[in-house]
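Step one of this worksheet: look at the structure below.
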Amino acid sequence: MTKPKLLIFAAGSKDGGGSGFKELVENSKSGILDAEIVAVVSNHENGGVRKIADEYGIKFILFKGPYTAEEYQKIVRETGAEWVSLSGWLKLVLGLDPKRTINIHPGRIPQFGGSGMYGHFVHEATIEAFKRGEVKTSAVTMHFATEIYDDGPVFFVYPVWIIEGDTAEILAQRVNKIEHGWQSYVTNLVVHERISWDGKNRNSLKVPDGYIFHRF
């Protein structure tokens with residue numbers, strides 16, 4: 001049986017990062033993620049993502065722009081990907097099929113989503129809101145990706161408790177641990193269409209019976 005073909009966009013950094021991508025690769029080998037990872041895309045030529053791709057024999061694509069619909073579509077077309085996973089990709093994605101493109105976000109949406117809300121900015125904003133008594137939890141959130149940052153329908157939320165005395169760095173570690181534990185499992189549900197969306201109507205979102213991690 002042919003496995004779904006998955007393309008991953010993972011920026012990482014020029015000297016590290018890419019841990020989410022690494023988890024997806026390892027879980028594709030263990031069977032938790034029943035998909036063929038056809039390639040990984042990064043904007044850092046010799047960064048952490050490239051090192052992981054080389055280690056595991058995954059095709060690496062350097063993408064430094066222009067970040068236009070035409071360029072995104074070209075990458076997807078040339079890799080033969082059926083699904084796209086954004087795993088730490090910070091650029092706005094244009095021109096892709098929203099019902100086949102998903103993103104993972106290290107915070108609650110919409111409170112801590114949108115343009116400029118990524119990485120440590122999310123954790124810093126969450127800690128400040130916690131200090132003001134506005135929130136008690138952060139979250140790992142997964143959603144379908146549209147051409148507006150963090151605007152597509154959410155299909156997975158895992159609340160992450162904030163502990164008194166937490167810093168943004170400590171919270172980031174706790175959130176990252178949850179991301180690694182669940183991303184592959186939930187991605188598998190999407191690429192096998194157990195979780196689906198028609199790409200237009202939010203009310204068309206479908207999740208499996210008994211599935212509880214899809215909203216606050």
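Bear in mind these aren't lab numbers, they're just calculated from the coordinates by the rules spelled out. On a predicted model such as this, the values are computed, not experimentally measured, just so you know. Here Cβ is always computed from backbone atoms with ideal geometry, including for glycine, and neighbour counts include all displayed protein chains.
If r is the Cβ-Cβ distance from residue 185 to residue 70 and R0 is 35 Å, what FRET efficiency results, to the nearest 0.05? E(calc), rounded to 0.05, equals 0.55. Charging the Cβ of each Asp and Glu at -1 and of each Lys and Arg at +1, and nothing else, the dipole of the chain about its Cα centre rounds to 220 debye. Membrane-span-like helices in the chain, defined here as complete DSSP H runs extending at least 15 Å along the helix axis by their C-alpha atoms with mean Kyte-Doolittle hydropathy no lower than -0.5, are 120-131, 168-191; this is a sequence and geometry rule, not a statement about a membrane.
Using 1/(1 + (r/R0)^6) with R0 = 41 angstrom and r between the beta carbons of residue 59 and residue 211, what's the FRET efficiency to the nearest 0.05? The value I calculate is 0.80. Segment residue 161..residue 36, full-extension length gain: 41.6 nm, with 0.36 nm per residue of separation and the alpha-carbon distance subtracted.
Projected label points at residue 173 and residue 192, each 7 Å from Cα along the beta carbon direction, are separated by 3.4 nanometres. Of the residues 142, 1, 117, the one with the fewest other Cβ atoms within 10 Å heads the list, and the complete ranking is 1, 117, 142. Annotation note: GluC sites (Glu not before Pro) in the range 1-60 located in DSSP loop regions with a Cβ neighbour count of at most 15 within 10 Å are 45. Backbone amide hydrogens, once placed in the peptide plane, bring residue 135 within less than 5 Å of 130, excluding anything fewer than 5 places away on its chain.
Taking the fewest neighbouring Cβ atoms within 10 Å as the starting point, the ordered list for 5, 29 is 29, 5. Among 46, 201, 103, the largest mean-square fluctuation in a Gaussian network model of the chain, built with springs joining Cα atoms closer than 10 Å, belongs to 201. Restricting the trypsin sites (Lys or Arg not before Pro) of the range 113-216 to loop positions (DSSP other than H, G, I, E, B) with no more than 12 neighbouring Cβ atoms within 10 Å leaves 132, 136, 200, 215.
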